[in-house]
1. State the extension gain, in nm to one decimal, for the chain segment bounded by His138 and Ala126, taking 0.36 nm per residue of separation less the distance between their alpha-carbons.
2. Of Lys158, Lys64, which has the most accessible area and how do the rest follow, probe 1.4 Å?
3. Return the equivalent ellipsoid semi-axes of the stretch 97-154 as a descending list in whole Å, where each equals the square root of 5 times an eigenvalue of the C-alpha gyration tensor.
4. Put a dot 7 Å past each Cα toward the Cβ at Glu164 and Glu80; how far apart are the dots in nm?
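The values are calculated or read from the model by the stated rules, or taken from the named source; none is laboratory data. Here the structure is a predicted model, which means the values were calculated and not measured. Methodologically, a virtual Cβ is constructed for each residue, glycine included, from the backbone with ideal geometry; neighbour enumeration extends over all protein chains shown. Side chains included, ligands, DNA and RNA excluded: accessible areas come from the protein's heavy atoms. Shrake-Rupley method; radii C 1.70, N 1.55, O 1.52, S 1.80 Å.
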Amino acid sequence: SGGDSDWESAAVTTEIGPARGERTLRLPEVRGMRESERPLSGLRLLLVEDGPDNQRLISFVLKKFGAVVTIAKDGLEALEWFGFDPEDADSERNTIDVDGPFDMVLTDIQMPRMDGYMLASILRAASCRIPIVALTAHAMNGERERCFDAGCDGYATKPIDRAELLATIQEVLACANP
């Protein structure tokens, strides 16, 4: 469905891994769309991802769809965006802003310092209801259930499929805001 006129191409350069070098990423045409017409227009997303290449690629895709993207390199840095100071973890004044500055969190599952499972568990334990989507390169049996058990509302595999990611985000948002 749709010809080449429905697509916009963008060069993406990766510095590590098997996809090293420049390749072309094809996205639905959004250049002609007004910002308010884009599928994720104005959505405030926190992308929690430790890999610089994935940070660039995923945030590029999300921004093309109209999202406002903030990046945290791991779960601890993500908690700081919610007002939690890991250096003062035992203080009663150190709390998580459960409403937070975001509409959704997209988190890698495997990260140093604090992984996505722990991040989701801590946010849920603090009664934070912001939708959380897990991103993982490990599509093993039980992985999806483990993400949901930790408190995630959605699940997408890496490498990221643009259409799948968009559908997952929209589905999770629809369930969170019926």
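1. Working: separation 12, 0.36 × 12 = 4.32 nm, distance 2.71 nm.
Full extension of this stretch gives 1.6 nm more.
2. Details: Lys158 30, Lys64 55 Å².
Order by accessible area, largest first: Lys64, Lys158.
3. On the way: eigenvalues 73, 25, 21 Å².
Equivalent-ellipsoid dimensions as semi-axes: 19, 11, 10 Å.
4. 3.2 nm
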